[in-house]
Amino acid sequence: MRKLLFALAMLISMAVCAGMTSCKAWRTITTSATYTQVGDSTKTTTTITTKTVEEYQGVKKN
């Protein structure tokens, strides 16, 4: 599903940029994971979240 959305976003970006000499597109990816550790009398939950921003530069070839 993510690949399909990414491909669609790139196609739209390319269509918008068709009349320009160059353009940029960005994609933000956010992931998270949660871990729970249970001890004798404690319960510890840790959540790790990462955010990645990818930038693409397109140049129109003549």
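Filter segment 19-58 for residues that are surrounded by 10 or more Cβ atoms within 10 Å (Cβ to Cβ) and aliphatic (A, V, I, L, M); which is modelled with the highest pLDDT?
Only one residue fits best here, namely Ile29.
Given the condition open to solvent by less than 80 Å² (accessible area, probe 1.4 Å), modelled with pLDDT of 90 or more and not in a loop (DSSP other than H, G, I, E, B), answer yes or no: does some residue in segment 4-15 qualify?
no
Step by step: first the residues of segment 36-62, then only those that are assigned to a strand (DSSP E or B) and among the basic types (Lys, Arg), then the one that is nearest to Trp26 (Cα to Cα). Which residue is that?
Lys51
The values are calculated or read from the model by the stated rules, or taken from the named source; none is laboratory data. What you see is a predicted model, and the numbers here were worked out from it, not measured in a lab. Every residue, glycine among them, receives a Cβ derived from its backbone with ideal geometry; neighbour counts consider all protein chains shown. These area figures cover heavy atoms from the full protein model, side chains too; ligands, DNA and RNA do not enter into them. Shrake-Rupley method; radii C 1.70, N 1.55, O 1.52, S 1.80 Å.
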